[in-house]
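A short write-up of the structure that comes next.
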Amino acid sequence: MKKIFHKDKHEPQLSSQMGQNQQTSHVGQQQSSSSGQQTSATAPSTSGQAETGEGVILHTTLGDITIALYRDETPKTCKNFSELARTGKYDNVVFHRIIPGFMIQGGDPTGTGSGGSSIYGSKFEDEIVGTLRHEDKGTLSMANSGPGTNGSQFFITLGATPHLNGKHTVFGHVVQGMDVVDKLGAVRTDGSDRPLQEVKIESCEVVF
């Protein structure tokens, strides 16, 4: 398949725990210190496991988002995301929570923010890597409800969110389609941060 990794600068991070207000399945408190500036994010090396894609393209209702995966640093998380995408588990799944300047969250097939499971049959452990931080817009990170509770939900940051470092597994970064991320981040929401219009992942393409 086609190669896509011409980077924009971004690094993944985000915390989402099932609760209210802070880093939850509700990814934490808004801390929108991101002007969308970009830094050089390193695209993952092509020498990873054959079953794990080098990246994933999310075809959303507002356009395409291309993500490079940190599969060497976070192999279990990347395998989970890549396989869920490859097998259609994210197809037609909505972005159920959006907080302007903070993050967009999706990956829950129930669309409620409390569902979703991993390819491992249960929740799996975090893969926290000190050099992978929530330091800019476009960071891809796992939502969770506490340590070791990763399933299928993920989020993409809309700015720097350093308070999530060490709490959520950063496992990728947006390398193309940042304008689409911005459009998603600008969608109007209700008092529960749920989008007033349906925005979803229509399908996914895994890039090897």
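The values are calculated or read from the model by the stated rules, or taken from the named source; none is laboratory data. What you see is a predicted model; the values in this text were computed from it and never measured. For neighbour counting, all protein chains shown are included, and Cβ atoms are generated from backbone atoms with ideal geometry for every residue, glycine included.
A compact table of results
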| item | result |
| --- | --- |
| Qualifying position, being closer than 16 Å to VAL94 by Cα, at pLDDT 95 or above and acidic (Asp, Glu), among ASP108, ASP136 | ASP108 |
| Of all residues making up segment 111-148, the number that are within 30 Å of ALA186 (Cβ to Cβ), of a type in the set (Ser, Thr, Tyr) and either touching a Gly at 6+ places or on another chain (Cβ under 7 Å) or in contact (Cβ under 8 Å) with a residue 60 or more places away in the chain (or both) | 4 |
| Residue check, VAL181 under 25 Å from THR77 (Cα atoms), surrounded by 14 or more Cβ atoms within 10 Å (Cβ to Cβ), modelled with pLDDT of 95 or more and within 13 Å of the chain's Cα centre (by Cα) | yes |
| Selected residue (criterion: surrounded by the most Cβ atoms within 10 Å (Cβ to Cβ)) from residues of segment 187-204 that are outside any strand (DSSP E or B) and among the charged types (D, E, K, R) | ASP193 |
| Of the criteria (1) at pLDDT below 95; (2) in contact with a Ser or Thr (Cβ under 6 Å, 6 or more places away or on another chain); (3) surrounded by 18 or more Cβ atoms within 10 Å (Cβ to Cβ), which one MET18 fails | (3) |
| Candidate set: segment 73-100, residues that are free of Cβ contacts under 8 Å to residues at least 60 places away in the same chain and either among the basic types (Lys, Arg) or in contact with a helix residue (DSSP H, G or I) (Cβ under 7 Å, 6 or more places away or on another chain) (or both); chosen: the one surrounded by the most Cβ atoms within 10 Å (Cβ to Cβ) | LYS79 |
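Yes or no, residue by residue, for (1) at pLDDT 95 or above; (2) at positive phi; (3) among the basic types (Lys, Arg):
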{"site": "LYS79", "(1), (2), (3)": "yes, no, yes"}
{"site": "SER82", "(1), (2), (3)": "yes, no, no"}
{"site": "ALA85", "(1), (2), (3)": "yes, no, no"}
{"site": "VAL94", "(1), (2), (3)": "yes, no, no"}
{"site": "GLY101", "(1), (2), (3)": "yes, yes, no"}
{"site": "LEU132", "(1), (2), (3)": "yes, no, no"}
{"site": "SER152", "(1), (2), (3)": "yes, no, no"}
